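The values are calculated or read from the model by the stated rules, or taken from the named source; none is laboratory data. None of these values were measured; they are calculated from a predicted model. Cβ: placed from backbone, ideal geometry, glycine included. Neighbour counts: every protein chain shown. Only protein heavy atoms, including side chains, enter the accessible area calculation; ligands, DNA and RNA are left aside. Shrake-Rupley method; radii C 1.70, N 1.55, O 1.52, S 1.80 Å.
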Amino acid sequence: MSGQPNTITNNFIEMISLMGKRNVYIEWPNLVPELSAHITSQNNVNCKLALECVKKICKKYRFMFRSDALYNEMNYMIENLSNQLIESLIKAI
């Protein structure tokens, strides 16, 4: 029973990353803003889960070919996450 929360958490992160494999800003416009809201939350568990989800979503960019669609999606991610990531870094320091 003690392994169950980790399994549920890993399944949740994998589900979010599968959703993010498609065009995030077109098909799931609220996904990144919701994750960025959890990054700045006071709950460290929620912050860690949100960061893990963002990491899984952004991992796909390593293997994609350069294109306008790729750059548009990366700009969308940067615009929505940069302020929250800087705020969480300042909190951590």
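How much accessible area per residue does the chain have, counting only protein heavy atoms and a probe of 1.4 Å, in square angstrom?
Ligands and nucleic acids excluded, the figure is 73 Å² per residue.
Among [x] 45, 31, 22; [y] 50, 35, 18; [z] 39, 26, 22, only one was calculated for this model; which label is it, if the read-out is Cα extents along the principal axes in Å?
Given [x] 45, 31, 22; [y] 50, 35, 18; [z] 39, 26, 22, the structure-derived one carries the label [x].
For the residue pair Asn6 and Leu89, what label-to-label distance in nm results when each label sits 7 Å from Cα along the Cα-to-beta-carbon direction?
3.0
For the chain, what is the number of Lys pairs with C-alpha distance below 17 angstrom, counting only pairs 8 or more positions apart or on separate chains?
Value for the chain: 7.
Could you look at the chain and say what percent of its accessible area is carbon and sulfur, using a 1.4 Å probe and all protein chains?
58
Pull out the extension gain between Asn43 and Tyr61, defined as 0.36 nm times the separation in residues minus the alpha carbon to alpha carbon distance; nm, one decimal.
Full extension of this stretch gives 3.6 nm more.
In percent, what relative contact order does the chain have, based on Cα pairs under 8 Å that are 6 or more apart in sequence?
Relative contact order comes out at 33 percent.
At a Förster radius of 25 Å, what calculated FRET efficiency corresponds to the Cβ-Cβ distance of Asn75 and Glu27, to the nearest 0.05?
For R0 = 25 Å, the calculated efficiency reads 0.90.
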